[in-house]
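The block underneath contains the structure these notes are about, expressed in structure tokens.
Quick note: the coordinates plus some simple rules give every number you see, no bench work behind them. Everything numeric here is computed off the predicted structure, so don't read it as measured data. Neighbour counts run over all protein chains shown; Cβ positions are idealised from the backbone, glycine included.
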Amino acid sequence: MAARKRRNVSRLLDPRWGNVGGEMRLFDRAGREWTLANEQLDVETARRLYQDPDVPVAVAEGGGGPTWIDPPDRPRRWADDLQARTFDASWKPPHDAPGALPFEALEFGSDGDRLLLFFDAD
């Protein structure tokens, strides 16, 4: 029996962590590779991508792998924390998460498709 090849799935590779060289890359739930396309998203662009059900959306925080936000869960999650934590300069960590950092909204691309990642750069 041949050994199964391990695939990158739901993984973020950031050269700032020292574990990879080159550019920031992300692998989605299916193992598809995405590369950083835009790291300066304004609130309107991020909101438009976030509301598009064809655009995958993930959150990566605390140095962990991405977690995915499916379209039915997006309105609640945007209102509960993503909008303020990403775009409100006065945002402060809640008392139950004192070490939390603000998010950056990053756009990734793969073969003409787009992906939105909220990343705390931890």
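In order along region 50-65, the phi-based Karplus estimate (6.51 cos²θ - 1.76 cosθ + 1.60, θ = phi - 60°) of 3J(HN,Hα) comes to 4, 7, 7, x, 8, 9, x, 10, 9, 10, 10, 9, x, x, x, x Hz; Gly and Pro are listed as x. Among 63, 99, 112, which one moves the most in a GNM of the chain with springs linking Cα atoms closer than 10 Å? The residue that fluctuates most here is 112. Tell me, what is the percent relative contact order of the chain, built from C-alpha pairs under 8 Å that lie six or more residues apart? Relative contact order here is 27 percent.
Taking amide H as placed 1.01 Å from N in the peptide plane, residue 69 has its amide H under 5 Å from the amide H of 57, 58, 59, each at least 5 places away in sequence or on another chain. Couplings 3J(HN,Hα) for region 26-43, derived from phi with the Karplus relation 6.51 cos²θ - 1.76 cosθ + 1.60 (θ = phi - 60°), are 9, 10, 7, 5, 9, x, 6, 8, 10, 10, 4, 10, 7, 10, 10, 7, 7, 4 Hz, where x marks Gly and Pro. Under 5 Å from the amide H of residue 24 lie the amide H atoms of 36, each residue being 5 or more positions distant or on a separate chain, with H modelled from the backbone and absent for Pro and chain starts. Amide H to amide H distances under 5 Å link residue 122 with 62, 63, where only residues 5 or more positions off or on other chains count and H is placed in the peptide plane. Here the chain is assigned +1 on the Cβ of each Lys and Arg and -1 on the Cβ of each Asp and Glu. Its dipole about the Cα centre then comes out at about 600 debye. At full extension, residue 121 and residue 36 could sit 29.2 nm farther apart than now, given 0.36 nm per residue minus the alpha carbon distance.
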